[in-house]
Amino acid sequence: MSDFLLELRSEEIPARMQAGARAELEKLFRREMDAAGVEIGEIAVWSTPRRLALIAHSLPESTRAVREEAKGPPEGAPDAAIDGFCRKNGVGRDQLELREVKGRPTWFAVIDKPGRATRDLLAEAIPAIVRDFAWPKSMRWGTASISTGSLRWVRPLSGIVAILGEDLVECGVDGVRSGYATLGHRFHCPGEITIGGAHDYAEKLRACHVVVDHEERAVLIREGARKAAAEAGLALIEDEGLVVENAGLTEWPVPLLGRFDEAFLDVPPEVIQLTARTNQKYFVCECEGGKLANAFVCTANIEAQDGGAAIVDGNRKVLAARLSDARFFWEQDRKTPLADQAKKLERITFHEKLGTVADKVERVAKLARWLVEEGIVKGANADLAEQAARLAKADLVTEMVGEFPELQGLMGGYYARAEGLPDEVADAIRDHYKPVGQGDEVPTAPVTVAVSLADKLDTLAAFFSIREKPTGSKDPFALRRAVLGVIAIVLRNALRLSLQNGAYYAALLRVEGAKMTNVRALRTPDAVRTALGNTAQGSMLDIECDANFVYEEFPAFFADRLKVQQREAGVRHDLIDAVFALGNEDDLVRLLARVNALQTFIETEDGANLLAAYKRAANILRKEDWRGIEGEIAHTGEEDPLANVDDPDLAPVVAAKMAERHGRELSYEPEPAERALMEALDAAEPKAARAVEEEDFSAAMAALASLRAPIDRFFDEVTVNADEEKKRAARLDLLARFRAAVHKVADFSSIEG
């Protein structure tokens, strides 16, 4: 057994590509070894800016000889078929054997493959690995680059080290031959280094100022930067992404602390940090108390004789130039009020079918005001919510956000505060994009909640209304993220809002002149349409069609994202489906309260047994094609006028009629178990209905639990499909009534198990 070392050396590999390159090298090496039949043990893959290295431990000296068999055509097949089989397997006819296969003589090729030296297999594998290597971007170089078939690599490939044990694996790729020699640090040790094998590779490079293990370099940078800050009485602002990036830029990292002019601290701290990070790859520090300090930590790639003083001074000058630009942007932007900046949004297209960003701002402002005036977002001032919404996107046209798009929203908050606008407005502008992703802060300040929710609802409704909903893995407008943001805001703030009707309402705001005030009920599209009034122009019909598409399509999308979001909270997706299946249930707070109560109930013995009884009853009714409580058989074709009545004004009439049906006299004396189930339903149905109405879903589940024993007894003691037609019909009616009682709480047919 021997260890194998492979180093592919080139000009500087971009830091952002190194992690992917390490994974690609290991993948291709495993592919080649598996294809050659070489068993491999543990693999280590490292990278520096100038090299990719792989060490495979415990490779065999050679592969084992193997015998392979291939089934061919039957005896008597055409000569062409037999000859083709022989060519495919590299054998002659004299090497074929005739064997019985299911009573029919069939030709088999028996191929003896001798073992091969692993070194020879590696010599063939290395060129294949290099040529098949996938880089995000690659290049050709030299005179050979005029040919499209020449080697492509991220940067010009300059050297290959390939050693098995202590023996050189001789190979070459486009004139680059393998050898024992590599190069050390570009400045500290620029000459060639002879490598003996995998066993001394890392240590010989370390002696020449190259730390080949990228993770070790990350540790040196992380701990060195902390130490440099601590020695100055400061605390490093942690940035793991910056640690990884600096590890990809250096082979011998040396963190150094420097200072910049305190006058730059007048610029918002996020701007300073982003300037240092993005442009210069510097860490920043903070003083005791969390205030940004006028200090930075850069990562040098050499050990300087002067302790790094010249390096720090050079980096200070470069950072000062960058911070001067940032301060200029900050001062220039503050000369123009946000309201004037917002007027420039008319020149920016939001989407070709949805108008400008100014159009979106107008819709969001109206929607934010409505959310407050309707009492959905409590404790907010409607005027402040509308003002914040109208200014929330204004910083998109500022110089600072043009330079640093990551600061959108944040800079608007700073400009609003500097302008003397109310804190509620400034905070809402700053935070209205939140939550941006999982784990991000969810707004709780009322004005911010109104603006953030309005912004996301408008985005969802607008793109759904033009049929731009996500498909498969494609979500170019980040609508999945938007709906997850809506869910997080609604749940965090316990907002009572029908998301389906809210999205429909938002879609109708594309109608010119639509009013957002005095809307008290949003139960159906007709209600919304009536509330909007007859203010629409000739495009109203088209807009209504678009809005109806939102009303019909949004619930399924919302349910899908809700299941994803709740999965991590341990909520079962089938229980969410069971509540959604009831229809007209997209008040998120009420929906999840019902789902959580249902999950708690289903996990009890009573819940599991009731679910089993429900499924048994549902199967019987389905098999008999029984329509339900109405007591009619579906094949009669009659439509019961009481079925599926949703109008709340008719609810008392429907309830009276149903009670009359339940209480009608039977033509026979029911069995004790049958009577017990009737009485249990008489008691449980009103309790469950009242509990659901009061949103006491635990009480509703308790009412259902009281049906567990009676329904179990009914199935044990009563024959549903009795010979007498009236008994059979009455008992099917009773099961249908049981099923309907359960459906008042959730659609148990959607529950798994």
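What's the angle, to the nearest 10 degrees (0 to 90), between helix 357-373's Cα axis and the longest principal axis of the chain? Orientation of helix 357-373: about 40 degrees from the principal axis. Here the gap between Glu752 and Ser145, fully extended at 0.36 nm per residue and compared with their Cα-Cα distance, gives a gain of 212.4 nm.
Note on Thr356 and Glu303: their simple-model spin labels are 6.2 nm apart, each label 7 Å out from Cα toward Cβ.
Could you tally the net charge around Ala705, taking each other residue with its Cβ under 13 Å from the Cβ of Ala705, Lys/Arg +1 and Asp/Glu -1? Here the charged neighbours net out to -2. Provide the net charge surrounding Ala36, with neighbours chosen by a C-beta distance below 9 Å and charges set as Lys +1, Arg +1, Asp -1, Glu -1. That works out to -2. Between the listed residues Thr336, Ala235, Ile487, the Cα displaced farthest toward the positive end of the dipole of the chain, a dipole computed from Cβ unit charges relative to the Cα centre, is found at Thr336. Residues of the range 99-126 with the amide nitrogen closer than 16 Å to a label point 7 Å from the Cα of Glu69, along Cα-to-Cβ, please. Under cut-off, by backbone N: 99-113.
Here the scattering of the range 326-479 is modelled by Debye summation over its C-alpha atoms, one equal scatterer each and no solvent; at q = 0.10, 0.17 Å⁻¹ the log10 of I(q)/I(0) is -0.34, -0.99. Cross-link check: pairs Lys88/Lys113; Lys343/Lys393; Lys71/Lys113; Lys227/Lys281; Lys27/Lys88; Lys204/Lys227 evaluated at a Cα-Cα cut-off of 22 Å; pairs beyond the cut-off: Lys27/Lys88; Lys204/Lys227. Computed from point charges on the beta carbon alone (+1 for Lys and Arg, -1 for Asp and Glu), the dipole magnitude for the chain about its Cα centre is near 1540 Debye.
For Lys343 and Ser473, a Förster radius of 51 Å and the Cβ-Cβ distance give a FRET efficiency of 0.85, rounded to the nearest 0.05. What is the angle, in °, between the Cα long axis of helix 479-493 and the longest principal axis of the Cα atoms in the chain? Nearest 10 is fine, range 0 to 90. It works out to around 60 degrees. The stretch between Arg492 and Ser62, if pulled fully straight at 0.36 nm per residue, gains 148.5 nm over its current Cα-Cα span. Give the calculated FRET efficiency between Arg177 and Ala19 to the nearest 0.05, with a Förster radius of 30 Å applied to their Cβ-Cβ distance. E between Arg177 and Ala19, to the nearest 0.05, is 0.55. A viscosity of 0.692 mPa s and a temperature of 37 °C, combined with the Kirkwood radius over C-alpha pairs in the Stokes-Einstein formula, give the range 1-158 a diffusion coefficient of 173 µm²/s.
For a label point 7 Å from the Cα of Asp261 along Cα→C-beta, name the residues of the range 272-297 whose backbone N is under 15 Å from it. Under cut-off, by backbone N: 294-295.
Over the C-alpha trace of the range 372-459, radius of gyration and Dmax come out as 12.4, 39 angstrom.
Distant-in-sequence amide contacts of Ala295, defined by a placed amide H-H separation under 5 Å and a gap of 5 or more residues or a different chain, comprise Phe260, Cys285. Would you compute the Debye intensity of the range 219-358 from its alpha-carbon atoms alone, equal scatterers and no solvent, and pass along log10 I(q)/I(0) at q = 0.11, 0.13 Å⁻¹ to two decimals? For the range 219-358, the Cα-only Debye profile gives -0.50, -0.63. Sequence-ordered 3J(HN,Hα) estimates for the range 329-338 from the Karplus curve with 6.51, -1.76 and 1.60 and θ = phi - 60° stand at 4, 4, 6, 5, 4, 6, 6, 10, x, 4 Hz, glycine and proline given as x. The calculated FRET efficiency for the pair Glu240 and Val110, based on their C-beta separation and a Förster distance of 51 Å, comes to about 0.30.
Shape class of the chain from the Cα gyration tensor (axes a ≥ b ≥ c, square roots of the eigenvalues): oblate, since a/c reaches 1.5 or more and a/b does not exceed b/c.
Once the cut-off is 24 Å, how many percent of the Cα-Cα pairs in the range 89-182 end up in the long-distance tail? Here the tail beyond 24 Å accounts for 49 percent of pairs. To the nearest Å, what is the center-to-center distance of the range 678-752 and the range 601-621, using C-alpha atoms only? Result: 10 Å between the Cα centres.
Taking label positions 7 Å along the Cα-Cβ direction at both Asp94 and Leu582, the computed distance is 8.4 nm, reported to one decimal.
Every number here is computed from the coordinates shown, using simple stated rules; none is lab data. Note that the structure is predicted; figures quoted are calculated from it, not measured. Positions of Cβ are generated from backbone atoms using ideal geometry, with glycine treated the same way; all protein chains shown enter the neighbour counts.
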